[in-house]
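The values are calculated or read from the model by the stated rules, or taken from the named source; none is laboratory data. Bear in mind that the values here come from a model prediction, so they are computed numbers and not experimental data. Don't worry about glycine lacking a Cβ; one is built from the backbone with ideal geometry, like all the others, and counts go over all protein chains shown.
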C-alpha cells in the first residue's frame, strides 16, 4: 500500500466511528492484521471491538518479564471473558541475561541509551517476531496521550516495521475511553483506578498526580521528547 492508497483509506475512514473502522480493516486485511495490545485501557476497548467484529483477528501482547501482577491478571480475565487466546511473545532469555549481567538489573534508570536498549530487547525485538506475516496492525494510540502523538492519523505507514498501522481511537478523549469501558463492561487494569492512566513495565511506571500529563508516569525521570520505547517511533 503506497502513500496514495494510505491517504485514500484515511479519507474513507475519517468519518467512521471506531467500531466501524475495526470492522472495515478486519475485512480489508483479512488474516494479515492483528491487534498489538499492551493491555492498557485503549487496547481493551479495541479487544472488545474485535470480539464484536471478527474474533479471527489475533490479539497479542508482549510479556517483558517486568510487568505488574495486575497486568498478568488482566490477560487472564480478558481471555476468559472474550473466549480468545491472547498470544504472548517473550524476549530472548539469553539477550536479557547478557544485558542484566553487563549493565545491571535496573539499567534503565542510568541513562536514556540504557533504557532504550532494555525496551529494544524486551519489547521491539519480540514485536518484530509477532509482526511476521502481517500486512497491518491495530494499536491504541490516541493524539491526546502525549506530545509525541498529537499528529497521528487513523492510518499510517509504519516505516520501522514496514506495515500499515491503524489507530481507530486516534481522536478519542480519555473521557470517551472510560465511558465506553463502563457502558460495555470491558475488563480493565485495576491500576487505572489508582492513578495509573498509562501502564507499562512495573519499574518504569508510576502513578500520576492531578494535573499531570497522562503519560507523565511513564519513564518519569526522562524528558517528554524521549519518552517512547521504539514501538511507535516515526520512520
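Data overview
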{"read-out": "Any hit, the range 43-57, residues being at pLDDT 95 or above, farther than 30 Å from residue 5 by Cα and within 18 Å of the chain's Cα centre (by Cα)", "value": "no"}
{"read-out": "Hits in the range 200-214 - residues which are surrounded by fewer than 21 Cβ atoms within 10 Å (Cβ to Cβ) and either in a helix (DSSP H, G or I) or free of Cβ contacts under 8 Å to residues at least 12 places away in the same chain (or both)", "value": "202, 203, 210, 211, 212"}
{"read-out": "Positions within the range 18-46 being touching a strand residue (DSSP E or B) at 6+ places or on another chain (Cβ under 6 Å) and closer than 12 Å to residue 169 by Cβ, in sequence order", "value": "35, 43, 46"}
{"read-out": "Checklist (1) crowded, with 19+ Cβ neighbours inside 10 Å; (2) under 24 Å from residue 219 (Cβ atoms) applied to residue 168, failing item", "value": "(2)"}
{"read-out": "Boolean, residue 146 is surrounded by 20 or more Cβ atoms within 10 Å (Cβ to Cβ), modelled with pLDDT under 95, under 27 Å from residue 223 (Cα atoms) and touching a strand residue (DSSP E or B) at 6+ places or on another chain (Cβ under 8 Å)", "value": "no"}
{"read-out": "Qualifying residue in the range 84-91 (condition: surrounded by 17 or more Cβ atoms within 10 Å (Cβ to Cβ), touching a residue at least 40 places away in the same chain (Cβ under 8 Å) and under 17 Å from residue 200 (Cα atoms))", "value": "yes"}
{"read-out": "Residues that are touching a residue at least 40 places away in the same chain (Cβ under 8 Å) and buried (at least 20 other Cβ atoms within 10 Å of the Cβ), drawn from the range 61-70", "value": "62, 64, 67"}
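Each row is one residue, and each column tells you yes or no for (1) more than 13 Å from residue 141 (Cα to Cα); (2) surrounded by fewer than 20 Cβ atoms within 10 Å (Cβ to Cβ).
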| site | (1), (2) |
| --- | --- |
| 11 | yes, yes |
| 14 | yes, yes |
| 17 | yes, yes |
| 21 | yes, no |
| 25 | yes, no |
| 30 | yes, yes |
| 35 | no, no |
| 38 | no, no |
| 46 | no, no |
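The rows are residues; the columns are (1) more than 24 Å from residue 151 (Cα to Cα); (2) at pLDDT below 85; (3) surrounded by fewer than 18 Cβ atoms within 10 Å (Cβ to Cβ).
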{"residue": "187", "(1), (2), (3)": "yes, no, no"}
{"residue": "191", "(1), (2), (3)": "yes, no, no"}
{"residue": "198", "(1), (2), (3)": "no, no, no"}
{"residue": "216", "(1), (2), (3)": "no, no, no"}
{"residue": "219", "(1), (2), (3)": "no, no, no"}
{"residue": "222", "(1), (2), (3)": "no, no, yes"}
{"residue": "225", "(1), (2), (3)": "no, yes, yes"}
{"residue": "229", "(1), (2), (3)": "no, yes, no"}
